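Everything on this sheet refers to the single structure shown next.
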Amino acid sequence: MSDRLKIGFLPLVDAALPILAHEHGFAEAQGLELEFVRDLSWATVLDRLLYGHTDAAHMLAPLAIATTLGIGRPARALSVPFVLGLNGNAITVSCAIADAIQPQGGLGDPQEVGRKLKEALRSIGRKLRFGVVHRHSSHNYMLRYWLAACGIQPEVDVDIVTVAPPFAADALESGEIDGICVGEPWNSVAVERGVGRIVLTTAQIWRRGVEKVLAVRTPLLEERRGAFERLIIAMRQAGEHFVDPANWDVNAEILSRPHYVGADPALLLHAISDRLRLAQGGDLVHFPDFMFQFREAANFPWVSQAGWLYAQMVRWDAPHFDPDAAKDAMAVFRPDVYRAALAGRNSPLPGASSKVEGSISNPLGVGAQQGRLVMSPDNFFDGKTFDPERLEEYLASLN
Amino acid sequence: MRIAIVDESAARAAIIQEGLGDVEDCETLVITERRALIAQVAAFEPDIVLMDLGNPSRDVLEEYFVVSRALAKPIAMFVDESDEESIAASVDAGVSAYVVDGFSKSRIKPLLDLAVRRFNAFSRLESDLAEARGQLAERANVDKAKRILMNSRGLSEPEAYKELRSQAMRSSKRIADVAEALVLADQIMGTGR
């Protein structure tokens, strides 16, 4: 008898791990039968999860936290036992803006591009408008983090609006927005159509920024704990498969199918292999760690990552800082489940469940409960660090 | 009361709108285009917004509602906990509802129930239609398969049908599946022509 799990997702490259766990038989080997529900808005992915159409969902990490805290809707407890990946997003701006803020082409330096953008805002004489995929998204927080650190005030100096990922290119073309922070393949689609240029990746803003997660209703996670632990094992195997260059072509083909991402396999291959075409007709640019889905325990739900997201939520959105809410937000990430699933398996497990984010400048061996774990630099571009134990101090330092 | 129906399926939107036609003192606006969605909703000043779950603009609309809290007539997501059952039913039917702040709760429930019924009716129509199309295609395949057998093996029509049926029984398949396989094989082999 195999356990059935229904998984909701949005058509994005970083929905890859559960899909590949299914397609390559890793889930089946764990006695799981996976089924997928493809949707076009996060609101619907969330509704289906909350009302039991799905058992788990590919979800924006901050949206899982906001739902648990009851921001914008009655609170429903969600748990995150697995991070589907780090980064994988980029900032694409209209060609005219790109000429102003990154005239030499290529990926810019975040400080320098920000400085030029600030100048451009003065000379353009109108408020620029940036798109993000959702209010509660890392895209929104990364974009705002970058702008604010460059002396540009979101809401005051620029408008930030919501745009559905598949329409990023349309919105740039029609002039509805001047730039967007979105996941792949939607930056590349805009580039191929010649309506925008990629100027930065979010990995340049925070080298190890948490992105999509697997979200589960907390009561269901407890009820079907065994099945979800086996799903974690299968997704780790899918991650190992995903990062192996030998599998890139076949995985791009699988993801390109209309019932999954439904996009040009060539563009998906670029994202999978950390290669991006930044401008129409330009060369492919290799940016290592553009997407980070497996190595260095990338799927481990660090409590401190949830803490950073909560801090951004307080910084930009409705809630005032509340120590209890901070605790609840951090408790959404469930390293205990991840550990239980992978204990005794060939997967490194860190000794700690929380770290000072952005504090690693050189490869650093860290204490592990299991296996060997060397962490690469995880810096924020402005050199700040985030210590979840000192959340209030961190917030104060931003003002 | 003003109700905006946002749905990229014009047929389904029409069915909802028609259902709301019986409701007293109710003005409706159907929006099927993604372009200028927010401007249209804002100009209409609805009390209720109904939107299909598959609509790619849902996040955009919800963001507008969040921002609209600052407006005179803020629209809230219809998520009062006491209405969990209604919400679950609407999610099952594939519709989401948003209601202006302060709108009487006793008036919301029948409207939402109506929308749910109409959405369900539309889904049934769609699946009936798909089934009917499928049956038509199957019948056409069986006819083709019979003709192939008649031409290639000189069988009469009843004999050809009998052959299909016994083949289906032997291989525990449906007659339609055997017929489809035969038609496909014939296309590939280029026989019977």
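A short reminder: the numbers here are calculations on the coordinates, not readings from a lab. For clarity, every value in this text was computed on a predicted model and none was experimentally measured. FYI the Cβ positions are ideal-geometry reconstructions off the backbone, even for glycines, and counts take in every protein chain you see.
Could you list, in their original order, any pairs among A:116/A:384; A:212/A:327; A:327/A:355; A:355/A:384; A:118/A:355 whose Cα atoms are separated by more than 23 Å?
Going by Cα-Cα distance, A:118/A:355 fall outside the 23 Å limit.
So for region A:132-273, averaging the separation of alpha carbon pairs under 8 Å that are six or more residues apart and normalising by length, what relative contact order in percent results?
19 percent.
Arranged by the count of other C-beta atoms within 10 angstrom, fewest first, what order do A:156, A:45 take?
Ordered by Cβ neighbours within 10 Å, fewest first: A:156, A:45.
Send over the semi-axes of region A:89-208's equivalent ellipsoid, whole angstrom and largest first, taken as the square roots of 5 times the C-alpha gyration tensor eigenvalues.
Its equivalent ellipsoid spans semi-axes of 18, 16, 15 Å.
Averaged across A:37-49, how many Cβ atoms of other chains sit within 10 Å of each residue's Cβ atom?
Other-chain Cβ atoms within 10 Å of each residue's Cβ, averaged: 5.
Percent relative contact order of chain B, based on C-alpha pairs within less than 8 angstrom and at least six residues apart?
Normalised by residue count, the contact order of chain B is 17 percent.
Could you count how many Lys pairs in chain B have their Cα atoms under 26 Å apart, skipping same-chain pairs fewer than 8 positions apart?
Count of close lysine pairs: 7.
Using Cα-Cα distances under 8 Å and only pairs 6 or more residues apart, what relative contact order does region B:132-189 have, in percent?
Relative contact order here is 42 percent.
Using +1 at the C-beta of Lys and Arg and -1 at the C-beta of Asp and Glu, which of A:83, B:30, A:232 has the Cα lying farthest in the positive direction of the dipole of the protein assembly as shown?
Final value for the positive-end residue is A:232.
Taking the Cα centre of chain B as origin, work out the dipole magnitude from +1 charges on Lys and Arg Cβ and -1 charges on Asp and Glu Cβ, in debye rounded to 20.
With only Lys, Arg, Asp and Glu charged at Cβ, the dipole is about 1320 debye.
What is the distance in Å between the Cα centroid of region A:108-149 and that of region A:333-355?
What the calculation gives is 36 Å, centre to centre.
Please get the size of the charge dipole for region A:169-225, origin at its Cα centre, with Cβ charges of +1 on Lys and Arg and -1 on Asp and Glu, quoted in debye to the nearest 20.
That gives region A:169-225 a dipole magnitude of about 420 debye.
So, by mean Cβ neighbours within 10 angstrom, what's the order for B:16-26, A:188-198 with the highest one leading?
Sorting B:16-26, A:188-198 by mean packing, highest first, produces A:188-198, B:16-26.
Between region B:143-161 and region A:70-102, what is the C-alpha centre distance in whole Å?
61
Pop out the Kirkwood hydrodynamic radius of region B:132-189 from its pairwise C-alpha distances, inverse of mean 1/r, in Å to one decimal.
11.3
Compute a Gaussian network model of chain A, connecting alpha carbons closer than 10 Å, and tell me which residue from A:94, A:174, A:347 fluctuates the most.
Checking each option, the largest mean-square fluctuation is seen for A:174.
Can you pull the three principal axis extents for the Cα set of region B:2-127, in Å, largest first?
For region B:2-127, the Cα extents along the three principal axes come out at 42, 34, 27 Å.
Restricting to bridges with both residues inside the protein assembly as shown, how much of the DSSP beta-bridge set is antiparallel, in percent to the nearest 5?
Restricted to the protein assembly as shown, the bridges split so that about 60 percent are antiparallel.
For each of A:304, A:376, count neighbouring Cβ atoms within 10 Å of the residue's Cβ, then give the residues from fewest to most.
Ordered by Cβ neighbours within 10 Å, fewest first: A:376, A:304.
Counting other beta carbons within 10 Å of each residue's own, what order do A:248, A:302 fall into, fewest first?
Fewest-to-most Cβ neighbours within 10 Å comes out as A:248, A:302.
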